[in-house]
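The structure under discussion appears below in the form of structure tokens.
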Amino acid sequence: MSGGGTEEETTLEYTPTWVVAVVCTVIVAISLSLERLLHFLGKYLKKKNQKPLFQALQKVKEELMLLGFISLLLTVFQNLLTKFCVPKEVMSHLLPCKPPEENHVTHNYGLWQRAIGRHLLSSESSSSSCSNGKVPLLSLEALHHLHIFIFVLAIVHVTFCVLTVVFGGAKIRQWKNWEDSIANDNYNPEEALKKKFTHVHEHAFIKDHFLGISKSSALLSWVHSFFKQFYASVTKSDYMTLRLGFIMTHCRGNRKFNFHKYMVRALEDDFKKVVGISWYLWIFVVVFLLLNVDGWHTYFWIAFIPFILLLAVGMKLEHVISQLAHEVAEKHVTIEGELVVQPSDDHFWFHRPQIVLFLIHIILFQNSFEIAFFFWILFTYGFDSCIMGKVGYIIPRLIIGVIIQVLCSYSTLPLYAIVTQMGTHFKKAIFDEHVQVGLVGWAQKARKGLKTTPAANPNRGTTIQLGKVMRSDNAKEEIGPTGAAAAAAAAARENE
């Protein structure tokens, strides 16, 4: 080797066999340990009859498989990408950092080496693949950094989703005391026999959402809903009233229905949809990487998108509760029995409660993206990197990220869990697991019977449609009360 030259990289042909064996053993041992950990976690969830959480775990495995496939593609095509040459002028536009001065290039590369602990390609190898006036489309080092970023993004997203559901679930579990107290009241025969009248405007639910400033103006009602998401987003009177409205609409004959248990099962079903990274979220990643240009501070402005969306979602969910209160208070002064609200899809954006879950998915992913991007830059390039930006842009981003995580966990997610049950339809989680299995089997048999005797029963069209809803994971997982009653009866006959 020449005095100032760089040492040639050693190939596998000249690497000691014990080194190869040790490295291979460590990699395989870590991989198998993680695979066994996920396997035993899945068995534990199935043993505890936590099928929705088990399905969410399967979704995480799918994401890991996708990441592995992305890693394979980056490895296979890395030589092709690094040898694909373009003119230097093409590479001088839309840069995340200004090109460094010639005498600072080595210094910056040294920082990268200390950050990730790996050697750079020698200057000879990087220049020999392209002719004069051309440069590689993507260097091997940049490809490696992109590879790491994709993995960090996926890990942070899954972690943040789990934390959100864990903390939000802890808040929702506190409502079980309300459910138990209602059940005890229902079981009290003396209370059940009492005939009572309810003065609507004196009811706690109406006082909280109809009387006061929100009564005089629709704008003030929205303002009240906006601020209420920050304190006492769901009170006991809210829970009791919404619960009774759901039961009287969808299962009037079962006043002992465990609404809290159903709500938790429905939330667990939705969790498996949120934990994944959908195709439109990958489009967001690509767009952000395109717009991350020096001087634009895209990483700063984009932090406000999930924050604004989160505030809008929380305000809308609170306003749905206010609308339910307004409907009753404007029509009645005194009613016989309990105050009952009427659930309806009309209170939600575009008459689709599912849009709320879609927005929460985007909010969690964008917030995860912000945090993942910060830590990736910090450990790859250092805090003083030009991509990191000024401290005045960094601190607000981190504060907004923490606010989003806390507010979504303790306010927005619990609001979503109860308010989205106020739609026209209810979700399949209302059925116990064995009933769902019976419904699917019954629907499949009905389909076979329809193929053999298409004119035997003119009412089979409705039951077949229900069977499709219960069987397809991608279908709209909501069931109308009429079809549900017929399905439950058929399932009971099937299980006899």
*Failed condition for Val402, given (1) open to solvent by less than 60 Å² (accessible area, probe 1.4 Å); (2) modelled with pLDDT of 90 or more*: (1)
*For Asp270, state whether it is within 27 Å of His361 (Cβ to Cβ), at pLDDT below 85 and surrounded by 20 or more Cβ atoms within 10 Å (Cβ to Cβ).*
yes
*Any chance the range 288-304 includes a residue that's open to solvent by 30 Å² or more (accessible area, probe 1.4 Å), over 22 Å from Ile172 (Cα atoms) and among the polar types (S, T, N, Q)?*
no
*Select from the range 159-181 the residues that are touching a helix residue (DSSP H, G or I) at 6+ places or on another chain (Cβ under 6 Å), surrounded by 15 or more Cβ atoms within 10 Å (Cβ to Cβ) and assigned to a helix (DSSP H, G or I) and list them in ascending order.*
Phe160, Cys161, Thr164, Val165, Phe167, Gly168, Lys171, Ile172, Trp178, Glu179
*Would it be correct to say that Leu80 is assigned to a helix (DSSP H, G or I), loosely packed, with under 13 Cβ neighbours inside 10 Å and at pLDDT 80 or above?*
yes
*Kindly indicate the residue of the range 202-222 that is exposed (fewer than 14 other Cβ atoms within 10 Å of the Cβ) and in a helix (DSSP H, G or I) and also modelled with the lowest pLDDT among those meeting that condition.*
Ile213
*Tally time: how many residues in the range 171-188 are modelled with pLDDT of 85 or more and of a type in the set (A, V, I, L, M)?*
1
*In the range 229-243, which residues are in a loop (DSSP other than H, G, I, E, B), in contact (Cβ under 8 Å) with a residue 40 or more places away in the chain and of a type in the set (A, V, I, L, M)?*
Val234
_the range 320-352, residues that are within 23 Å of the chain's Cα centre (by Cα), surrounded by 14 or more Cβ atoms within 10 Å (Cβ to Cβ) and over 20 Å from Lys228 (Cα atoms)_ = Asp345
*Among what's in the range 1-42 and is outside any helix (DSSP H, G or I) and open to solvent by 100 Å² or more (accessible area, probe 1.4 Å), pick the residue that is modelled with the lowest pLDDT.*
Met1
_Only one of Ile363, Ile355 is open to solvent by 10 Å² or more (accessible area, probe 1.4 Å) and β-branched (Val, Ile, Thr). Can you tell me which?_
Ile355
*Here are some conditions: (1) outside any helix (DSSP H, G or I); (2) in contact with a His (Cβ under 8 Å, 6 or more places away or on another chain). Gly382 meets all but one. Which one does it not meet?*
(2)
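The values are calculated or read from the model by the stated rules, or taken from the named source; none is laboratory data. The structure displayed is predicted, hence computed values, not measured ones. FYI the Cβ positions are ideal-geometry reconstructions off the backbone, even for glycines, and counts take in every protein chain you see. All accessible areas refer to the heavy atoms of the entire protein, side chains included, with ligands and DNA or RNA removed. Shrake-Rupley method; radii C 1.70, N 1.55, O 1.52, S 1.80 Å.
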